[in-house]
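The values are calculated or read from the model by the stated rules, or taken from the named source; none is laboratory data. Just so you know, these numbers come straight off a predicted model, no measurement behind them. Here the Cβ is made from the backbone with ideal geometry for all residues, glycine too, and neighbour counts use every protein chain on show.
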Amino acid sequence: MCGNIDQICQTPTSGSVLGIDIGYSETRRSSAGCRLDWDLTEATFCITRFRALEPERSNAIRNLIDRPLLVAAFDGPLRSDLKVIGRYRLAEQLLTRRLRPLIGKPGQASSPVGKRLNAHANACAKIVLELGLLGTAVHDHAINRLAIVEAFPSSFLGVLCTHRPPCRMGYNIRRNSFRRSGETRLLGGKSAQL
């Protein structure tokens, strides 16, 4: 882990991390969690899907977290005190202005959908924090003393693609575009085996 740019960053030889894709449907399992574990000999993962209902959400997250985690990343808007954001944030503005041609327009925490995602991201983050198995944040600009972060996976995937047509298309088409170009490059064309 890195605390600042002057330190040498090195991935630990073993550990576990958690990622949660935030959804807000109470009828479809539109939320998902993935715990990735690794050591010097193997990497494994565990995935679960759940609805934005209690106790289903809490149970799904608790079942994933049965060991200490280095970090938990949430694909949903968060702020340090886990309260409602309700405004168009600087990070969203920068992504919209600089990377929109590459990744499409990111969601805004101030929109109705963004507010719902924020509420459910907060609920998921609180569950993770309450379990007490999360490592201490050691990175600059941490939003909590424990290692929780807000993830922007569409931005990440957008910059991984070597061939990027302008994003004037729907969500699934962008995702499929990544699969076609990114999986082949990153996985050596073996994505069908996964």
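Restricted to the stretch 114-143, and to residues that are out of contact with any strand residue (DSSP E or B) (no Cβ under 9 Å at 6 or more places or on another chain) and among the β-branched types (V, I, T), which residue is modelled with the lowest pLDDT? Checked the stretch 114-143; the qualifying residue modelled with the lowest pLDDT is V138. Could you tell me whether any residue of the stretch 99-113 is at pLDDT 70 or above, more than 29 Å from D66 (Cα to Cα) and in a helix (DSSP H, G or I)? The answer is yes, given that some residue of the stretch 99-113 is at pLDDT 70 or above, more than 29 Å from D66 (Cα to Cα) and in a helix (DSSP H, G or I). Pairing each residue of the stretch 80-98 that is farther than 23 Å from L146 by Cα with any residue that is exposed (fewer than 14 other Cβ atoms within 10 Å of the Cβ) and modelled with pLDDT under 80, provided the two are 6+ apart or on different chains, yields C-beta distances under 9 Å for L95/K105; T96/K105.
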